[in-house]
Amino acid sequence: MTVNAKVGRNDPCPCGSGKKYKKCCMKKENVVQLQDVKEERFYQQKLSLVNQLNDFILDQVPPNVYHPMEADFKKRTSYKLGQNQRGFFNFWLYFFHRYENGLRGIEWFLKENERRLTEEDKQMAIRWANMKPQMIEAVDETEAGVLFRDYFSGSTFPVPKSKENLPHFFPWNGTLALLEPIDGAYYFNGVRTLVKPKHFQHAANYAKQLVNETGQATEDVLIDYYPEILTALLEGPEAEERKEREMVTYTHMFLLNDKEKADRILYNDDDFGIDQWEEKHKKLTWQSNVQVFSDSEINGNVRLSEVNATLVIENKSLTFTTNDLSIADQFFQKVEKSDGAITFVESFEQRFKLPVQADSKQLAISYDEGVPEYFSLYAHNAMHTDVDKPIPMYEGKSLRKLVETGQTFLAEEWLKQAEYDLYKAVYEKYGSVEVTADFNTVRKQLGLPLSPFVTGGDNRHSDIKPVTPAPRDVAVSEADIATYEKLGFTPQTVNTFYAKDIFSFYKEKTDGKSEATERKYRNSLHNVREIIENSAKQSWEECDLEFWRTLLLEDFFAINEGMSKSMIKDMITTVKALTKWLANENKLDINKQLAAAAKDYQMQMLETFETNYR
């Protein structure tokens, strides 16, 4: 809060609390200023004492001993420290390495200099000598600081957030460090590196292994094997992170021989989303798995879908790009149906490597007005966080399966790492944000303890559901208007979910065929169109087997005053062919069930005819 300099002690506080300034924020500001002064003095004293400690070590360790020790430290840390090597080496000399007299650097320094130190420096040096190395991970956050928990003892330590001590942290990160207690809080002493959860867990497992192998106490292992544990902390599960897989980008070039027709075909294809549609330049994306993400912390939704391919049209040239060979094959099938409006020119491939864990799927994302942009990352995460999805690193077990088989700790590890990664990604792109990602909905599903780092806590809820995209207005050519009208469509019904499919099916079945064939499909599809139009169906998915049974056995007779056996047979044949065609277009999957029942349906229809129309 910024306070106006003119605010008097007895004036109302600018924060709006209703209290006088002297009873409200002036007190808070004084406390903050006092804490800042105390911390500044604390760090000045630390710097002075560490300089004395460093001078002492350099006096006691001659160069012919110091340099071989440094070389050995580099070797024990697998040469992983880079430019930070000297800082960690000195830290090791001060607090971990035992010299020939059996003392660590700080213990040796205190023994030799205790009488010469000021009382303040002496008390600080004693604190330093009593500090024990700890493997700690962040388990909670408050406005003032972060609560860290000792991995081995379970004890917790409040660590203040400040520029010198903890300028920033990510959920569940951890480190091997020394904590110095000051006035009920704990400050990091010396160098440390906060790492991601799976690296911390890797180092903790290694430390446990050393405890078991050596029979030493945990504290002694952390001191004696500090370089090795530090290396494990920095490397993490190295083998897993270095695995790569090859990806291939397939690019196909096409020529638009009949540009007007080709444009209309592509525009009317529901598989393609329209990103840009101008006379000379058009961009489309082949989208699938369309979903809507909602969250209790926002008003509005995020819509996202997987992009299987991109199509760019420049004048009469079409460039089709995908990473999925099966998608390319499907596009070639679409091209074959264009009647020469689109023809293939050439292809080429581009190969590259990706980490095995990397998500190769490109997403198309949009969000309602007022929804923060960073929620697109939360939606993306929700799209891939399925409690029943197999996880390769856990032998294909899902999060739910891990919990059910008593491996809850592995599910916790996975969720901690996922929360850390997403928090870090958001911070690196957007800085500090008001709302964190929701991992508590998943934790509730699994019966796990909630994350303290999730905004909203127990009340947080988010959801992601598949949706059917709203169809675009159909682009109808002058030549096609007569066909739509022949099938009974009007300008008001030409944009329904079934219009374009019935039109395309009719064209495919009747082009170049006899007048009798055309009449059969026209009359039967006219009936199908009218029955669907009078129903409340909003998609082909809603047209289940019961819908088609009712359409044939009841609705068909209700809308036709005259009837004949040939009309019944034509209707059965057309419905079977239409549902099979829809199945091939991946829009309906009951064609086999209907085909199996068709003979029985036809018999019942003929019985109805014999009873009511003879």
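The values are calculated or read from the model by the stated rules, or taken from the named source; none is laboratory data. Remember, predicted model here, so these are calculated numbers, not experimental data. Note: ideal-geometry Cβ built from the backbone for every residue, glycine included; neighbour counts use all protein chains shown. The area values use the complete protein model at the heavy-atom level, side chains included, leaving out ligands, DNA and RNA. Shrake-Rupley method; radii C 1.70, N 1.55, O 1.52, S 1.80 Å.
Please go through the stretch 508-552 and pick out each residue that is hydroxyl-bearing (Ser, Thr, Tyr) and farther than 18 Å from Thr496 by Cα. Don't jump to the end; show me each part of the working.
We begin by selecting, within the stretch 508-552, every residue hydroxyl-bearing (Ser, Thr, Tyr); these are 510, 514, 517, 521, 524, 535, 539, 550.
Thr510, Ser514, Thr517, Tyr521, Ser524, Thr550, listed by residue number.
Is it the case that the stretch 265-274 has a residue that's of a type in the set (Phe, Trp, Tyr) and out of contact with any helix residue (DSSP H, G or I) (no Cβ under 7 Å at 6 or more places or on another chain)?
Checked against the condition, which is being of a type in the set (Phe, Trp, Tyr) and out of contact with any helix residue (DSSP H, G or I) (no Cβ under 7 Å at 6 or more places or on another chain), the stretch 265-274 yields at least one hit.
Taking the stretch 572-614 as the search range and keeping residues that are assigned to a helix (DSSP H, G or I) and in contact (Cβ under 8 Å) with a residue 60 or more places away in the chain, which one is nearest to the chain's Cα centre (by Cα)?
Only one residue fits best here, namely Leu582.
Quick one: what pairs do we get from the stretch 185-214, first residue among the β-branched types (Val, Ile, Thr), second assigned to a loop (DSSP other than H, G, I, E, B) and surrounded by fewer than 20 Cβ atoms within 10 Å (Cβ to Cβ), C-beta under 9 Å, 6+ apart or different chains?
Val195/Gly236; Val211/Phe152; Val211/Ala217
Quickly run through the stretch 98-147 and pick out the residues that are under 25 Å from Thr455 (Cα atoms) and modelled with pLDDT of 95 or more.
First pass over the stretch 98-147, keeping only residues under 25 Å from Thr455 (Cα atoms): 136-147.
Answer for the stretch 98-147, where residues must be under 25 Å from Thr455 (Cα atoms) and modelled with pLDDT of 95 or more: Ile136, Glu137, Ala138, Val139, Asp140, Val146, Leu147.
Considering only the stretch 109-136, state which residues are open to solvent by 20 Å² or more (accessible area, probe 1.4 Å) and either touching a Phe, Trp or Tyr at 6+ places or on another chain (Cβ under 6 Å) or within 19 Å of Leu222 (Cα to Cα) (or both).
Hits for the stretch 109-136 are Arg127, Asn130, Lys132, Gln134.
Answer yes or no: is there a residue in the stretch 217-238 that is more than 22 Å from Gln85 (Cα to Cα) and buried (at least 19 other Cβ atoms within 10 Å of the Cβ).
yes
If I filter the stretch 148-168 for residues that are out of contact with any Cys (no Cβ under 6 Å at 6 or more places or on another chain), at pLDDT 95 or above, acidic (Asp, Glu) and within 22 Å of Phe95 (Cβ to Cβ), do I get at least one hit?
For the stretch 148-168, residues out of contact with any Cys (no Cβ under 6 Å at 6 or more places or on another chain), at pLDDT 95 or above, acidic (Asp, Glu) and within 22 Å of Phe95 (Cβ to Cβ): present.
Can you tell me which residue within the stretch 284-298, out of those that are open to solvent by 40 Å² or more (accessible area, probe 1.4 Å) and modelled with pLDDT under 95, is farthest from the chain's Cα centre (by Cα)? Please lay out each step first, then the result.
Step one: list which residues in the stretch 284-298 are open to solvent by 40 Å² or more (accessible area, probe 1.4 Å), which gives 287, 289, 294, 296-297.
Subsequent filtering for residues that are modelled with pLDDT under 95 retains 287, 289.
On the way: Gln287: 18, Asn289: 15 Å.
That would be Gln287.
Filter the stretch 91-106 down to residues that are touching a Phe, Trp or Tyr at 6+ places or on another chain (Cβ under 7 Å), without any contact (Cβ under 8 Å) to a residue 60 or more places away in the chain and either under 14 Å from Leu222 (Cβ atoms) or surrounded by fewer than 20 Cβ atoms within 10 Å (Cβ to Cβ) (or both), then give me how many there are.
Summing the residues that are touching a Phe, Trp or Tyr at 6+ places or on another chain (Cβ under 7 Å), without any contact (Cβ under 8 Å) to a residue 60 or more places away in the chain and either under 14 Å from Leu222 (Cβ atoms) or surrounded by fewer than 20 Cβ atoms within 10 Å (Cβ to Cβ) (or both) in the stretch 91-106 gives 2.
For (1) of a type outside the set (A, V, I, L, M); (2) under 21 Å from Tyr226 (Cα atoms); (3) under 30 Å from the mean Cα position of the chain (by Cα), each residue gets a yes or a no:
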site	(1), (2), (3)
Asn90	yes, yes, no
Glu112	yes, no, no
Glu119	yes, no, no
Met135	no, yes, yes
Asp140	yes, no, yes
Ala144	no, no, yes
Thr156	yes, no, no
His168	yes, no, yes
Asn173	yes, yes, yes
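Inside the stretch 302-326, can you point out the residues that are under 24 Å from Glu246 (Cβ atoms), aliphatic (A, V, I, L, M) and open to solvent by less than 10 Å² (accessible area, probe 1.4 Å)?
Ala309
Residues Ile532, Ile502: which one is among the β-branched types (Val, Ile, Thr) and either over 26 Å from Asp271 (Cα atoms) or touching a residue at least 40 places away in the same chain (Cβ under 8 Å) (or both)?
Of Ile532, Ile502, the one residue that is among the β-branched types (Val, Ile, Thr) and either over 26 Å from Asp271 (Cα atoms) or touching a residue at least 40 places away in the same chain (Cβ under 8 Å) (or both) is Ile502.
If you scan the stretch 223-247, which residues turn out to be hydrophobic (A, V, I, L, M, F, W, C) and modelled with pLDDT under 90?
Listed by number, the residues that qualify are Ala239, Met247.
Name the single residue, out of those in the stretch 59-90 being in a loop (DSSP other than H, G, I, E, B) and open to solvent by 30 Å² or more (accessible area, probe 1.4 Å), that is nearest to Gly190 (Cα to Cα). I'd like the intermediate steps shown before the answer.
We begin by selecting, within the stretch 59-90, every residue in a loop (DSSP other than H, G, I, E, B); these are 61-62, 77-81.
Adding the requirement that they be open to solvent by 30 Å² or more (accessible area, probe 1.4 Å) leaves 62, 78-80.
Values: Pro62: 23, Ser78: 21, Tyr79: 20, Lys80: 19 Å.
This residue is Lys80.
Which number in (1) touching a Ser or Thr at 6+ places or on another chain (Cβ under 9 Å); (2) free of Cβ contacts under 8 Å to residues at least 24 places away in the same chain marks the one condition that Val494 misses?
Exception for Val494: condition (1).
Among the residues of the stretch 252-283, count how many are over 20 Å from Thr322 (Cα atoms), part of a loop (DSSP other than H, G, I, E, B) and at pLDDT below 90.
Final tally of qualifying residues: 3.
Considering only the stretch 186-216, state which residues are outside any helix (DSSP H, G or I) and buried (at least 17 other Cβ atoms within 10 Å of the Cβ). It would help to see each step written out before you state the result.
First, pick out the residues of the stretch 186-216 that are outside any helix (DSSP H, G or I): 186-196, 215-216.
Within the stretch 186-216, Tyr186, Tyr187, Phe188, Asn189, Gly190, Val191, Arg192, Leu194, Val195, Lys196 qualify.
Exactly one condition in (1) exposed (fewer than 11 other Cβ atoms within 10 Å of the Cβ); (2) modelled with pLDDT of 65 or more; (3) not β-branched (Val, Ile, Thr) is false for Pro12; which is it?
Evaluating Pro12 over (1) exposed (fewer than 11 other Cβ atoms within 10 Å of the Cβ); (2) modelled with pLDDT of 65 or more; (3) not β-branched (Val, Ile, Thr) leaves (1) as the failure.
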